[in-house]
Amino acid sequence: TEDLFKKVIAHAKEYGFIFPSSEIYDGLSAVYDYGQNGVELKKNIREYWWKAMVQMNENIVGIDAAIFMHPTTWKASGHVDAFNDPLIDNKDSKKRYRADVLVEDYVAKLDDKIEKEIAKAQKRFGEAFDREQFVSTNPKVLEYKQRGEEILHRLGKSLENEDLADVKALIEELEIADPETGSRNWTDVKQFNLMFGTKIGASADATMDLYLRPETAQGIFVNFLNVQKSGRMKIPFGIAQTGKAFRNEIVARQFIFRMREFEQMEMQFFIKPGTQQQWYEYWKETRLKWHLSLGMGEENYRYHPHEKLAHYADAACDIEFRFPFGFKELEGIHSRTNFDLGNHEKYSGKKMQYFDPEDNQSFTPYVLETSIGLDRMFLAVLSNSLQEETLEGGDTRTVLRLPFVLAPTKVAVLPLLKKDGLPEVAEQIVNELKYDFNVAYDEKDAVGRRYRRQDAVGTPFCVTVDHQTLEDNTVTLRHRDTMEQVRIAIPELRAAIAKEVDM
Ligand code: ATP
């Protein structure tokens with residue numbers, strides 16, 4: 001699995017998905033750029049989310065708030081005082097880590113061991129293997145699971161009580177070493193604020209200290225009344241937003257899993273106090289269904305209820321995904337109570353209340369939040385899709401089995417030869433299809449190599465123009481996953497492709 005992860009990173013670079021930021025200057029740690037294919041995949045994920053959350057829900061609308069916000073926002077939100085992460089330095093290597101992440105990585109390794117046991121048993125029992133039964137009865141699996149749960153529980157409790165000495169003790173007891181050097185010589189655990197500070201204004205006396213937003217949520221809360229009034233929204237209703245967030249993360253490993261500049265897709269659902277349990281369950285299920293709709297394997301997702309609740313939450317869980325380095329948080333579902341609106345009311349002096357015409361009374365709405373990292377979702381999709389296949393006859397091919405709706409390019413048009421008028425027909429097809437899809441044109445090298453190039457970037461279909469095309473106006477349509485080819489009339493192409501790739 002470590003190997004797979006390395007391959008994903010190399011593939012992302014080689015095929016124009018992700019490049020290290022400012023690479024000619026040796027990069028900037030935990031900051032990345034999206035390339036020509038990456039930007040399309042990322043945009044498609046964002047649109048797939050937006051469609052499910054905003055377009056399909058009459059009572060959810062979107063906004064796009066600024067990254068800069070009035071500094072008091074971050075006092076009200078608790079980020080100035082509470083947005084701290086436990087930091088530990090290694091005395092020998094002088095490297096810094098987030099103590100909680102070190103412990104979570106340790107638990108992820110236990111998960112890995114569980115998966116190995118499962119794989120072994122699966123081999124042994126073949127068809128008759130019952131995963132659920134095995135997981136709930138195998139003593140080794142149960143031991144690893146219990147151990148992981150105990151460790152996370154203890155970590156949660158110590159963080160909740162701000163018992164940083166115990167976090168350090170836990171790292172020592174588990175004999176966790178510096179992942180890069182293997183040294184176990186740690187300093188004490190300290191608190192560290194992850195927000196990036198900056199200044200607004202040019203003249204020295206008129207400057208104001210600002211933060212780059214560490215989450216998009218607060219842009220929604222401060223606009224709650226603007227949207228509610230101008231849109232005449234009735235509770236329950238939601239506001240959705242996608243956009244950049246910034247955190248000065250201490251650990252900068254794991255590629256785009258944990259970045260310093262990243263993008264979130266968040267939705268805040270405003271509800272009547274007392275209904276939060278019901279809406280919590282609703283959004284938990286709805287969001288998991290969204291993930292499953294992409295067809296990336298039910299067994300790759302699980303819920304992880306939070307042991308440690310953030311300062312704003314009364315219930316919270318993560319949807320975890322099986323990344324190449326183990327199950328890790330992909331999305332959070334948080335019942336945030338009236339913490340945010342209540343605090344903004346306190347700090348701004350403006351009423352943040354909703355008047356309910358049915359009950360004839362006003363209240364501060366409760367909030368249910370779904371929050372997913374776009375880049376993390378990108379990594380989930382990319383690592384799940386990358387496969388190396390051995391074909392009949394012993395050849396191998398690298399294929400990116402992206403869900404079709406997310407693929408950067410939907411169809412590539414390839415003239416079999418660079419002569420006899422075939423390129424001209426191919427260009428014509430490109431010109432017809434490009435209004436509906438991202439289309440690629442490729443005439444270089446043998447057609448087999450061109451197919452492989454499209455496989456490697458996940459293009460669902462290839463259209464090949466050959467001599468028969470000149471006679472009967474048909475082309476071959478090749479399917480990425482099965483590699484099967486069918487002959488199809490050119491006027492039927494658009495509908496045949498749309499049927500498979502449209503959201
Ligand atoms: P973690 O525990 O991994 O730091 P978190 O619990 O602090 O994450 P939230 O504040 O709940 O994360 O943010 C919501 C989502 O934003 C996460 O589920 C994750 O997908 C994404 N996210 C958070 N921090 C980062 C980051 N540094 N880089 C990329 N995505 C991130």
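Observations, loosely collected:
- Residues (of a type in the set (D, E, K, R) and touching a Lys or Arg at 6+ places or on another chain (Cβ under 6 Å)) located in segment 370-396: 389
- Scanning segment 261-288 for residues that are crowded, with 20+ Cβ neighbours inside 10 Å and closer than 30 Å to residue 89 by Cα yields 262, 263, 264.
- Listing of strands (runs of 3 or more DSSP E) fully contained in segment 254-360 that carry 3 or more residues being away from the ligand (no atom under 14 Å from the Cβ) and either at pLDDT 95 or above or farther than 17 Å from residue 217 by Cβ (or both): 261-271, 354-356
- Yes/no for residue 40 being surrounded by fewer than 18 Cβ atoms within 10 Å (Cβ to Cβ), closer than 30 Å to residue 400 by Cα and of a type outside the set (A, V, I, L, M): no
- For segment 375-411, filtering for residues that are in a strand (DSSP E or B) and under 17 Å from the mean Cα position of the chain (by Cα) leaves 1.
So that you can scan it fast, the table gives a plain yes or no per residue for (1) part of a helix (DSSP H, G or I); (2) loosely packed, with under 14 Cβ neighbours inside 10 Å:
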site: 435; (1), (2): no, yes
site: 440; (1), (2): no, no
site: 444; (1), (2): no, yes
site: 448; (1), (2): yes, yes
site: 462; (1), (2): no, no
site: 470; (1), (2): yes, yes
site: 477; (1), (2): no, no
site: 497; (1), (2): yes, no
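- Residue check for residue 117: surrounded by 14 or more Cβ atoms within 10 Å (Cβ to Cβ), more than 27 Å from the chain's Cα centre (by Cα), acidic (Asp, Glu) and under 30 Å from residue 180 (Cα atoms): yes
- Residues of segment 213-238 that turn out to be under 17 Å from residue 371 (Cα atoms), of a type in the set (Ser, Thr, Tyr) and either outside any loop (DSSP other than H, G, I, E, B) or free of Cβ contacts under 8 Å to residues at least 60 places away in the same chain (or both), as a count: 0
- Cross-chain or 6+ apart pairs with Cβ under 7 Å, segment 330-355 first and in contact (Cβ under 8 Å) with a residue 60 or more places away in the chain and polar (S, T, N, Q), then part of a strand (DSSP E or B) and away from the ligand (no atom under 16 Å from the Cβ): 337/366; 338/366
- Verdict on residue 318 being closer than 23 Å to residue 53 by Cβ and in contact (Cβ under 8 Å) with a residue 24 or more places away in the chain: no
- Hey, residue 334 touching a Cys at 6+ places or on another chain (Cβ under 8 Å) and not β-branched (Val, Ile, Thr) or not: no
- Qualifying residue in segment 228-247 (condition: crowded, with 17+ Cβ neighbours inside 10 Å, within 30 Å of residue 99 (Cβ to Cβ), away from the ligand (no atom under 13 Å from the Cβ) and of a type in the set (A, V, I, L, M)): no
- Test: residue in segment 97-104 that is more than 14 Å from the ligand (Cβ to nearest atom) and either without any contact (Cβ under 8 Å) to a residue 40 or more places away in the chain or in a helix (DSSP H, G or I) (or both): no
- Of all residues in segment 361-389, those satisfying the criterion of being more than 24 Å from residue 322 (Cα to Cα) and more than 16 Å from the ligand (Cβ to nearest atom) are 361, 362, 363, 364, 365, 366.
- Some residue of segment 381-403 being crowded, with 21+ Cβ neighbours inside 10 Å, free of Cβ contacts under 8 Å to residues at least 60 places away in the same chain and either charged (D, E, K, R) or closer than 28 Å to residue 43 by Cβ (or both): no
- Put simply, of 180, 162, 175, 150 the only residue that is in contact (Cβ under 8 Å) with a residue 60 or more places away in the chain, more than 25 Å from the chain's Cα centre (by Cα) and surrounded by fewer than 17 Cβ atoms within 10 Å (Cβ to Cβ) is 180.
- Positions within segment 1-41 being touching a Leu at 6+ places or on another chain (Cβ under 9 Å) and basic (Lys, Arg), in sequence order: 7
The values are calculated or read from the model by the stated rules, or taken from the named source; none is laboratory data. This structure is a prediction, so every number in the text was calculated from the model and none was measured. All Cβ positions, glycine included, derive from the backbone under ideal geometry; neighbour counts span all protein chains shown.
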